[in-house]
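First up is the structure itself, then whatever we jot down about it.
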Amino acid sequence: MEKKPVTTDHAPKAIGPYSQGMATPQGLVFTAGQIPIDPATGEIPGSDIATQTRQVLENVKAVLEAGGSGLDSVIKTTVFMKDLGEFAAMNEVYATYFRESPPARSTVEVSRLPRDVRVEIEAVGIVTSR
């Protein structure tokens, strides 16, 4: 088995030379960094960090599930934030998605994100169904 691109209509389409996600023969799913775009409308819902984080995690969830994984099987995330001063508000939403055994995580502040959003998250999950 070779690596396999992961695609879903329940997350924003890739707008460049990358895949929404990639599944490996070793049973891992890597998501591309997801930003808060509603896949149904192509719009960014809200300008606050909580609303944007919620949409990002719904997008991450959709890509993981399309690859045979899920939020309960995530082992690592990376969170990119425009302003670490909003960390507490982002973390409050994040905690509702990862209640038990939260994954390892890195969080970094960046100067700019695509479409000037406030947050982007990528994840690595274990495949639970094939």
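We did not get these values from a lab; they are worked out from the coordinates using the rules stated. Note that the structure is a prediction, hence the values are computed from the model and not measured. We place every Cβ from the backbone using ideal geometry, glycine too, and count neighbours over all the protein chains shown.
Condition check ((1) of a type outside the set (Phe, Trp, Tyr); (2) over 19 Å from Leu113 (Cα atoms); (3) touching a helix residue (DSSP H, G or I) at 6+ places or on another chain (Cβ under 7 Å); (4) surrounded by fewer than 16 Cβ atoms within 10 Å (Cβ to Cβ)) across all residues:
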position	(1), (2), (3), (4)
Asp48	yes, no, no, yes
Arg54	yes, no, yes, no
Ala62	yes, yes, no, no
Gly67	yes, yes, no, no
Gly70	yes, yes, yes, no
Asp83	yes, no, no, yes
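For every residue, the table says whether it meets (1) among the hydrophobic types (A, V, I, L, M, F, W, C); (2) under 12 Å from the mean Cα position of the chain (by Cα); (3) in a strand (DSSP E or B).
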| position | (1), (2), (3) |
| --- | --- |
| Pro5 | no, no, yes |
| Ala14 | yes, no, no |
| Phe30 | yes, yes, yes |
| Gln55 | no, yes, no |
| Asn59 | no, yes, no |
| Phe80 | yes, yes, yes |
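Residue by residue, here is whether (1) out of contact with any helix residue (DSSP H, G or I) (no Cβ under 7 Å at 6 or more places or on another chain); (2) free of Cβ contacts under 8 Å to residues at least 24 places away in the same chain; (3) under 13 Å from Val74 (Cβ atoms) holds:
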residue: Glu86; (1), (2), (3): no, no, no
residue: Tyr94; (1), (2), (3): no, no, yes
residue: Phe98; (1), (2), (3): no, no, yes
residue: Arg105; (1), (2), (3): yes, no, yes
residue: Val108; (1), (2), (3): yes, no, no
residue: Arg115; (1), (2), (3): yes, no, no
residue: Ile121; (1), (2), (3): no, no, yes
residue: Gly125; (1), (2), (3): no, no, yes
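For Gly42, the stated conditions do not hold, so it cannot be described as in contact with a Ser or Thr (Cβ under 6 Å, 6 or more places away or on another chain) and not in a helix (DSSP H, G or I).
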